[in-house]
Amino acid sequence: MTAVNYLTFSTILFLLAIGGVLLNSQNLFILLMSIELMLLAVNMNFLVFSVLLDDMMGQLLALFILAVAAADSAMGLAILVTTYRTRGTMAVEYATGMKG
Amino acid sequence: MTELGFGSRLPYGSTISPECIPIPSSIIILMIDSTHEGDTYWSYPISLTCPVIGIMVPLSQWREEPIISPACGAQTNTCDDIFQSSILLRSILRAPLSAEHFQCTEMAVTESPFFALAATLGGMFPRCASDLVTISVAPERSSLCLHPSSGCTSRDVRPSEATVKYSLLGGTSSSILVHGFPWLYGPPGGEVQPWGILNGIVESKMQNSAGISIAPVRIMAGIVFKPSLVPYHQWTPDVYEGSPTPVVAFPPVTSKVAASGLATRIFNLLSPLSGEWHLLPEILAILSTILGNLIAIAQKSMKRMLAYPPISQIGYITIGLIAGNPSGYASMLTYTLFHIFVNLGALARIALFSSRTGTDSIRDCAGSCGQDPLLALRPTLSPSPLGGFPPLSGPFGKPYSSWCGRQAGLYPLVPIGPLTSVISIYHHSKIIKLLMGERGGRKLATPRTINKRIPSLSSPHTPESLIELGTMPRVVASTTLGLTMNPVTTTARDNIPNQIFAHTATILMDFGEMSSE
């Protein structure tokens with residue numbers, strides 16, 4: 001496989017994740033997973049360029065993004081647990097208490 | 001200029017010494033919290049002391065010349081120091097209100113000062129960000145701590161909903177933002193420094209390639225979420241409405257100030273890449289200033305209504321950013337300072353007011369002047385600088401940003417300031433009329449009496465002294481800052497962030513285009 005194939009794959013991953021954020025109306029967990037998928041697509045891009053250019057900095061950037069993704073998911077899960085305790089549901093459609 | 005080599009680590013390290021102060025403070029708060037049982041109000045003096053020390057460091061390191069690292073371009077200068085000081089100032093102003101709120105609600109959790117310190121630290125990093133690693137991690141570092149601070153300590157439904165919306169939308173925008181960075185890293189040949197990226201693009205003649213064109217669009221789409229420019233503004237009203245009133249302004253204002261510093265860095269990097277880069281922020285600035293003021297008219301909640309003037313104010317800040325000239329940066333910086341004082345002042349006064357009325361509804365505040373004239377005067381004062389009544393700070397900032405727009409040839413942006421000021425004055429006048437004249441509001445409750453449990457902060461007077469203490473400097477600053485803005489403007493005009501880099505980069509890109517032809 002060439003680099004273009006890998007980059008196409010990561011772009012498809014990213015678009016799938018965008019679709020997951022925009023079209024999902026069922027569960028807040030799916031939104032969180034879509035965000036993780038986006039960051040994985042970013043990592044994939046960095047790693048492809050890193051291998052292609054034989055440069056370690058891309059892998060370093062991927063590690064940083066991985067750490068950010070881990071912190072993001074940990075924080076997101078903590079917030080979702082708090083939400084579940086107060087609301088009793090994880091459905092997106094009920095998160096309509098504030099409008100205007 | 002102060003040229004620093006790779007070997008001189010000490011002077012280079014001193015540029016990030018203000019960032020190093022919140023780290024031990026956060027660790028101390030966590031360690032004491034994990035070992036100490038019982039009262040946790042001690043964490044607030046620590047969270048107040050840290051930004052006070054932090055703000056002294058850039059003032060003691062005050063310099064006229066930027067520190068340049070040969071590897072990274074411009075690292076930091078006085079303009080960045082002012083940005084950093086404004087974030088620390090924001091943190092100082094937040095502490096009394098937060099302490100008062102958690103004292104009243106008896107929820108003195110240490111998470112709140114900890115997240116505030118961590119978010120302050122994250123907001124300070126973009127000012128010295130000069131490579132892709134720091135630029136990509138710094139906004140995440142800030143926003144991850146701001147998400148829970150908008151309402152994690154409350155067990156109510158609305159704060160949790162606001163936090164969920166903020167964290168999920170913030171995560172999405174950050175992911176879109178960082179998705180642009182691989183396309184700046186890979187095609188130029190594995191470069192992470194701005195100099196290297198532009199050199200790589202010129203050498204590989206990729207100025208017009210699809211990958212390089214897509215990168216600025218993604219970065220722009222990600223970065224405009226943080227200052228909540230229209231149409232990425234939806235999280236701000238929800239956070240304002242959902243969060244407890246005394247702590248509500250911390251996440252949006254910190255996010256806006258930090259994003260302004262980061263946007264300066266990123267736009268300096270993007271401007272040589274595309275000649276039309278300013279078209280998108282120009283449209284967003286116009287939309288923000290107009291819609292921010294128009295939507296505010298239709299609001300029924302006082303807090304939600306106060307969320308929209310900051311959206312329009314970020315439009316004025318963006319005008320200075322797009323202008324890209326010394327006056328533009330000066331206007332951006334001065335308007336950011338206005339933004340901090342005016343919004344925090346407005347919310348502190350609304351916090352005092354809503355603690356007596358027990359509601360956020362605008363209609364329930366009708367005729368409050370008859371019951372307590374002094375209390376009604378507080379929210380009356382807050383719309384004045386927001387609306388732009390002279391001689392307060394608003395009328396000085398708006399014409400200045402419009403003038404900078406005209407100077408930079410951004411003619412569509414010039415009439416926006418006066419036009420939106422009229423709309424703003426109209427709807428703020430409606431609120432003043434409601435408070436002063438109309439009837440049908442709720443009866444005001446008597447002020448609460450609570451035990452003073454913060455010995456180092458509380459004054460021997462009223463129980464609301466902490467909020468009043470926090471309100472006083474904001475009122476003074478929001479009313480008089482317009483008259484005393486000249487030193488800030490002069491300093492900002494003389495110390496432009498990355499001016500040398502942007503200028504040289506533009507020459508480099510022009511040279512690349514000529515050689516490719």
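The values are calculated or read from the model by the stated rules, or taken from the named source; none is laboratory data. Fair warning: this is a prediction, and the values are worked out from it, not measured in the lab. Side chains included, ligands, DNA and RNA excluded: accessible areas come from the protein's heavy atoms. Shrake-Rupley method; radii C 1.70, N 1.55, O 1.52, S 1.80 Å.
Just a few scattered comments:
- Long-range amide H partners of A:ASN27 with built H, under 5 Å: A:VAL92
- In order along the range B:130-138, the Karplus-derived 3J(HN,Hα) couplings, from 6.51 cos²θ - 1.76 cosθ + 1.60 at θ = phi - 60°, round to 9, 9, 4, 4, 5, 5, 7, 8, 4 Hz, and Gly and Pro are given as x.
- HN-Hα J in Hz across the range A:53-58 - Karplus 6.51, -1.76, 1.60, θ = phi - 60°, x for Gly and Pro: 8, 6, 10, 6, 4, x
- Over 20 Å [Cα-Cα, the range B:150-309], rounded percent: 55
- Area accessible to solvent at A:GLU93, 1.4 Å probe radius, in Å²: 120
- Each residue of the range B:294-310 is assigned a 3J(HN,Hα), and the resulting list reads 5, 5, 4, 5, 7, 7, 9, 9, 4, 5, 5, 5, 6, 6, 7, x, x Hz, derived from the Karplus form 6.51 cos²θ - 1.76 cosθ + 1.60 (θ = phi - 60°), x at Gly and Pro.
- Volume in Å³ per residue [convex hull over Cα atoms, computed for the range A:2-94]: 62
- Gyration tensor over alpha-carbon atoms, the range B:268-380, equivalent ellipsoid semi-axes in Å: 36, 15, 9
- When shorter helices are ignored and each DSSP H run of at least 4 residues is given -39500 (n - 2.57), the per-residue value for chain A at 222 nm works out to -28000 deg cm²/dmol.
- Near the amide H of B:SER361, within less than 5 Å, lie the amide hydrogens of B:MET302, all on another chain or at least 5 residues away, with H placed in the peptide plane.
- Across the cross-link table entries A:LYS99/B:LYS433; A:LYS99/B:LYS226; B:LYS226/B:LYS433; B:LYS165/B:LYS430; B:LYS205/B:LYS226; B:LYS300/B:LYS433, which are compared at the Cα atoms, the separations over 22 Å belong to A:LYS99/B:LYS433; B:LYS226/B:LYS433; B:LYS165/B:LYS430; B:LYS205/B:LYS226.
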